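What follows is a short report on a single structure.
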């Protein structure tokens, strides 16, 4: 694999506090970034906040601030995002804000170059605008004056604005997507974008707002009476955050992005407008974009107005960060919509975490302490001499290989299923081999092989789950007596059996995941 790996989340709008949808994207990207670092890649993981636009103006006023105090408002919200990412153990490399001076400069450089090359023109715009979605709609797209996305009433606009000539790139974009089948993921999102492009005439993108209507934005460099449309502004962060235009050497070292992740509701902005913006300047598109689904609650998309939003901070405080991370990535195939309920969360916690991995660690370490004075036993022979032990070793190597194939595609369910196959086999191995009987019958060589196999399986499991549950992985690593941090261990070690040195001192701590008792 190539050394560099650049992954991005979208910029989150700061008109309200972060919710489960934000945390879902962050955890997914963080898990991929952690895996890629383990795999030897030079990772650059960027996230941040989108801080301009009419919604911010309105939110600032609603918060009791006066006109011109938008910066004060966004400065008060951004720490909430950073605090949650810290709580969720998100290890990003850079946090960008669209109010950062270097980003403002990059947006203006984009505009200047497009304007010089006559890719931007001014005309009168007459049509609909949705403030909550920050989206323009034509009369054909919204004949009834209702936003096709959020179903709120639209605002009728009739004003002069600047437009990007997106329409002239429609055929090129269709051909590009068809020629690069891995560009938009999952496949059904790719088909969705192609369906739109093949059935609709792409209109030129309005990329400004007159200051007479909205002042909170980046000033257009060639016309001081206008500010930049918030989406055009925000999308450029993927370039400005890695050096464009001041450090083109650094930009070239990281671009194109290897993976750009976002919710399905903003796929068109990324798969159409962002790609065309880049192409218009002669910059290649990102290698891949991935649009994930929504979490729904009782059949409805979560929204603050409906009062059905899940607070990630509350879930983590109640159940722990790693169980929350695990549930989001295991419960539903990434890309599909998922149904959230606390009952489903508790059921998976008790089944997968308490019963499966927690029980395996506890029983294995207890037996190591009881039968081998708390040390990894030496094995009497080089070959396994036990088909079930050999099967576990083979399954551990297979799980690592599957993970190497699954993680670049963000197939977390497949990656985790491989690890859990090892856990299930190891738990079954305990029941089948009956170490307590082997000890009673003084079959020390067979007993040593069983316990060493279980300890070694746990070592590979710790490496595998690090991407998803880093704190849990480190707890297992430490209890196995392994030196240093599991974070620094190359992922290839998960495929190599026998790296646990006999004689290593193991130490059992408290339950990894105490079972949650459901009150009746």
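Observations on the model:
- Listed conditions (1) farther than 30 Å from residue 210 by Cβ; (2) buried (at least 23 other Cβ atoms within 10 Å of the Cβ) are all met by residue 51, apart from (1).
- The residues in region 267-304 that are in a strand (DSSP E or B) and at pLDDT 95 or above can be counted, and the count is 4.
- Residue within region 183-201 that is under 29 Å from the mean Cα position of the chain (by Cα) and under 24 Å from residue 97 (Cα atoms) present: no
- Each residue in region 77-132 was checked for being in contact (Cβ under 8 Å) with a residue 12 or more places away in the chain and more than 19 Å from residue 45 (Cα to Cα), and 30 of them qualify.
- Pairs where the first residue, in region 234-245, is at positive phi and modelled with pLDDT of 95 or more and the second is surrounded by fewer than 23 Cβ atoms within 10 Å (Cβ to Cβ) and in a helix (DSSP H, G or I), C-beta under 7 Å, 6+ apart: 243/250; 243/251
- Within region 82-99, tally of residues that are surrounded by 15 or more Cβ atoms within 10 Å (Cβ to Cβ), in contact with a strand residue (DSSP E or B) (Cβ under 6 Å, 6 or more places away or on another chain) and not in a loop (DSSP other than H, G, I, E, B): 3
- Looking at 163, 222, 196, 232, just one residue is part of a helix (DSSP H, G or I) and either surrounded by 16 or more Cβ atoms within 10 Å (Cβ to Cβ) or touching a strand residue (DSSP E or B) at 6+ places or on another chain (Cβ under 9 Å) (or both), and that residue is 232.
- Across region 343-365, a minimum of one residue is classified as surrounded by fewer than 19 Cβ atoms within 10 Å (Cβ to Cβ) and within 27 Å of residue 291 (Cβ to Cβ).
- Hey, residue 316 buried (at least 18 other Cβ atoms within 10 Å of the Cβ), assigned to a loop (DSSP other than H, G, I, E, B) and at pLDDT 95 or above or not: no
- Subset of region 274-294 (residues that are closer than 17 Å to residue 167 by Cα and surrounded by fewer than 19 Cβ atoms within 10 Å (Cβ to Cβ)): 279, 281, 282
The values are calculated or read from the model by the stated rules, or taken from the named source; none is laboratory data. Keep in mind the model is a prediction, meaning the values are calculated, not measured. Please note: Cβ atoms are built from the backbone with ideal geometry, for glycine as well, and neighbour counts cover all protein chains shown.
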